[in-house]
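For reference, the structure is listed below as structure tokens.
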Amino acid sequence: MSSIKPQLLLIGFFLLTVSAFSQSTVRGKVRFQGDVLPYANVYLEGTTYGTTTSEEGVYELKNIPNGAYKITISFTGMEPTSKKINLKGREITVHFELNESSSLDEVVITGTLKPVSRSSTPVPVEVYKPTFFKKNPTPNIFDALQNVNGVRPQLNCNVCNTGDIHINGLEGPYTLVMIDGMPIVSGLSTVYGLSGIPNALMERLEIVKGPASSLYGSEAVGGLINIITKNPGSAPKFFADVNVTSWLETNIDVGMKANINNSSVLTGVNYYNYSNPIDNNDDNFTDVTLQDRISVFQKWNFNRKSNKLFSVAGRFFYEDRWGGEMQWNKSYRGGEEVYGESIYTKRWEVLGSYQLPVEPNMLFNFSYTDHDQNSVYGDTPYLAKQKIGFGQLTYDVTKNKHDLLFGTAVRYQYYDDNTPATETEDEVVIPSLFVQDEIDLAEKHTLLLGARYDYDSRHGNIFTPRLAYKWSVSDNSILRLNAGTGFRVVNLFTEEHAALTGSRDVIIAEELEPEQSYNVNLNFLSKIYANNGTFIGLDASAWYTYFNNLIIPDYDTNPNQIIYDNLDGYAVTAGISGNVDIIFSNGIKALIGATYMNVSNTEDGITKDQILTEKFSGTWAVSYKIQDWDLNIDYTGNVYGPMRLPLLGDLDPRQEYSPYWSIQNIQFTYDGWKGFELYAGVKNLLNWTPNKGNPFIIARAHDPFDKDVVFDNDGNVVPTPENPYALTFDPSYVYAPNQGIRGFIGLRYNLN
């Protein structure tokens with residue numbers, strides 16, 4: 001036995017030596033949105049090996065026995081990310097890019113006017129962060145929405161390129177756009193202010209699809225978009241984003257924050273310029289409106305001893321835009337020699353929130369906007385002023401199983417223009433009261449009841465109730481049912497704008513009554529974690545909305561008129577929509593959405609599809625990062641089905657329905673330099689424009705003042721050899737951008 005022991009000791013020593021030399025090291029860097037992430041947790045699952053990243057986002061695990069492992073990174077507010085590794089007695093490098101936690105856990109305020117997690121609220125709210133919009137950089141929020149499922153930025157004029165936002169097939173006037181919960185984007189700004197909201201001031205975007213009038217009043221019939229601005233406390237010390245396209249569009253975003261006494265201040269400046277007239281479709285009209293605009297934004301957060309909220313923000317926006325015949329310049333402004341549409345927009349905004357020094361929570365929100373419009377459409381001037389003041393006080397209290405919200409609001413609206421439609425100044429004050437009760441029925445069941453009362457001197461008393469129910473089917477799945485009513489008062493400027501830009505006259509058939517809608521929406525939200533590290537998020541909805549007194553533009557009865565009247569019948573919008581958010585274990589990320597809907601109007605037993613409304617649409621954003629190259633690849637796009645288009649009569653040779661069409665983009669981003677991102681790509685890869693398949697887009701572009709058009713005694717156009725299709729000048733045949741393929745390149749910098 002004694003002769004065996006030295007041999008055993010020798011064998012043991014040999015095995016220990018082999019083991020010592022059979023260990024490995026794993027190191028790498030952890031990032032979030034291109035920036036290093038310090039103090040993230042790093043560990044090998046099923047072992048005691050772990051560490052945290054340094055201030056530079058670097059981690060290192062030493063002396064790891066050879067074998068197969070799963071290395072996982074976790075950080076508060078982020079989705080845990082894992083990768084499989086195989087150690088073979090050497091050093092390996094494994095980098096990670098973390099994603100924000102599932103939007104199920106986002107904190108949202110839009111659905112209930114209170115900050116709650118998305119998984120807790122009975123109202124379905126979609127959340128989009130700047131990371132999403134960086135996949136396809138755009139100069140403003142209006143253009144950025146093109147890749148959001150169920151939301152479509154709709155151009156309404158081929159010349160001035162104004163537009164509105166459709167949600168679930170409903171026209172722009174049904175969509176309420178807010179900034180920090182304040183309904184300051186309305187009327188004039190719905191048409192001209194949307195393109196002036198830069199992406200740089202956005203912290204996140206919250207979208208509610210379906211009526212929200214019980215909390216937000218008129219205009220929130222189809223849905224609402226709430227732009228939450230950046231918090232000065234968490235914003236970078238300095239940020240800049242500069243990009244230019246091959247069409248010579250230039251967009252510059254610059255911002256910085258500072259601490260002044262007991263406050264933090266964020267200042268942002270956005271400048272956009274496009275001064276390169278292009279006419280690729282050879283109609284002697286600019287394909288894209290030329291624009292020169294600046295937006296200056298500043299937000300103050302005041303640090304109070306009570307730690308209660310006090311925030312004030314302001315923005316100034318100025319834009320000079322024009323579109324028209326290629327030879328137009330400002331010397332022709334307002335004349336009838338060369339056609340051009342020239343719009344000067346000047347706008348001020350102030351908004352804020354103040355939490356009263358009392359218990360429980362009372363919050364006062366306020367806003368004021370002043371909008372000045374100086375426009376000419378050919379030889380037709382349009383001069384308008386609009387002022388909107390808004391104040392709202394909410395009282396939030398929890399008692400037993402009831403989470404109560406009481407509120408009162410007052411809205412002041414002033415509008416005046418130089419058109420016959422506004423013989424006197426339109427000035428109105430609308431007071432409101434609303435109440436909401438969120439009830440915990442059981443551990444997994446929540447019921448929300450709400451109601452709003454408004455008094456409008458033009459239309460009297462308006463009452464809008466609301467009901468929402470949430471069932472937490474499991475820890476990762478939620479079912480929601482929402483039902484309610486909505487109302488909308490016609491906004492004359494929004495409705496008549498189509499007449500200013502062409503030869504059609506706006507006819508108001510009678511005194512218009514407010515629209516009333518009834519809506520029900522079913523939503524299912526779920527997240528799935530697969531064993532191979534793949535994450536799948538599902539968000540599906542089905543909705544049905546029924547309208548009384550629908551106010552619709554009638555383009556069909558008379559090709560020279562747009563007739564507005566309350567529908568003597570009913571209208572329905574119904575559909576289904578779904579988003580799938582997938583993060584594969586190999587790093588590929590995809591967000592894919594699709595919507596199918598039917599939007600129709602029924603009058604005198606005849607049902608028609610709503611004009612400029614598609615039945616099918618789809619969106620996608622696919623991303624992948626090549627870690628070793630510090631290179632991100634983003635492929636984004638959308639596809640739309642046919643929609644009925646506004647023709648000028650039976651002889652009009654343009655297509656009655658649009659074809660299937662798609663805008664697709666690709667972007668490459670290098671983030672290997674600390675604080676910097678260099679990005680470049682191609683927009684509209686398919687070079688698709690709506691003139692394909694049409695003889696022309698703008699009717700009688702060669703005769704924009706209708707000097708050679710012959711009319712009969714009833715005002716109808718008479719076909720002539722020079723005008724065989726009996727047309728007048730009309731740029732309203734538009735459903736998609738006229739801008740073709742173009743490249744872009746840009747540089748971002750963040751100093752944290």
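The values are calculated or read from the model by the stated rules, or taken from the named source; none is laboratory data. This structure is a prediction, so every number in the text was calculated from the model and none was measured. Counting neighbours? That spans all protein chains shown, and the Cβs are built from the backbone with ideal geometry, glycine included.
Things worth noting here:
- For residue 523, the stated conditions do not hold, so it cannot be described as touching a residue at least 24 places away in the same chain (Cβ under 8 Å), buried (at least 16 other Cβ atoms within 10 Å of the Cβ) and on the phi > 0 side of the Ramachandran plot.
- Filter pass, residue 183 being assigned to a strand (DSSP E or B), crowded, with 23+ Cβ neighbours inside 10 Å and at pLDDT below 85: yes
- Pairs with Cβ under 9 Å, 6+ apart, first in the stretch 612-627 and in contact (Cβ under 8 Å) with a residue 12 or more places away in the chain and within 30 Å of residue 156 (Cβ to Cβ), second of a type in the set (A, V, I, L, M) and not in a strand (DSSP E or B): 612/643; 612/645; 612/734; 613/643; 614/643; 615/643; 619/148
- Hey, residue 430 surrounded by 18 or more Cβ atoms within 10 Å (Cβ to Cβ) and touching a strand residue (DSSP E or B) at 6+ places or on another chain (Cβ under 9 Å) or not: yes
- Of the residues in the stretch 678-699, not one is closer than 30 Å to residue 32 by Cβ, under 34 Å from the mean Cα position of the chain (by Cα) and of a type in the set (S, T, N, Q).
- Selected residue (criterion: nearest to residue 652 (Cα to Cα)) from residues of the stretch 700-729 that are buried (at least 16 other Cβ atoms within 10 Å of the Cβ) and hydroxyl-bearing (Ser, Thr, Tyr): 725
- For the stretch 243-299, a residue qualifies if it is β-branched (Val, Ile, Thr), touching a Lys or Arg at 6+ places or on another chain (Cβ under 8 Å) and assigned to a strand (DSSP E or B), and the qualifying residues are 245, 265, 267, 296.
- In the stretch 653-668, the residues that are surrounded by 19 or more Cβ atoms within 10 Å (Cβ to Cβ) and over 29 Å from residue 577 (Cβ atoms): 654
- Within the stretch 640-686, being small (Gly, Ala, Ser) and outside any strand (DSSP E or B) holds for 641, 649, 658, 672, 675.
- Filter result for residue 455 (farther than 17 Å from residue 217 by Cβ, modelled with pLDDT of 90 or more and hydroxyl-bearing (Ser, Thr, Tyr)): no
- Any hit, the stretch 566-589, residues being under 30 Å from residue 713 (Cα atoms), among the charged types (D, E, K, R) and at pLDDT below 85: yes
Matching residues to (1) out of contact with any strand residue (DSSP E or B) (no Cβ under 8 Å at 6 or more places or on another chain); (2) modelled with pLDDT of 95 or more:
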{"position": "685", "(1), (2)": "no, yes"}
{"position": "714", "(1), (2)": "yes, no"}
{"position": "717", "(1), (2)": "no, no"}
{"position": "730", "(1), (2)": "no, no"}
{"position": "734", "(1), (2)": "no, no"}
{"position": "743", "(1), (2)": "no, yes"}
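- Test: residue 600 is hydroxyl-bearing (Ser, Thr, Tyr), within 26 Å of the chain's Cα centre (by Cα), in a strand (DSSP E or B) and more than 23 Å from residue 148 (Cβ to Cβ): yes
- On inspection, residue 184 passes the criterion of being closer than 23 Å to residue 385 by Cβ and touching a strand residue (DSSP E or B) at 6+ places or on another chain (Cβ under 6 Å).
- Test: residue in the stretch 439-450 that is on the phi < 0 side of the Ramachandran plot and in contact with a Gly (Cβ under 6 Å, 6 or more places away or on another chain): no
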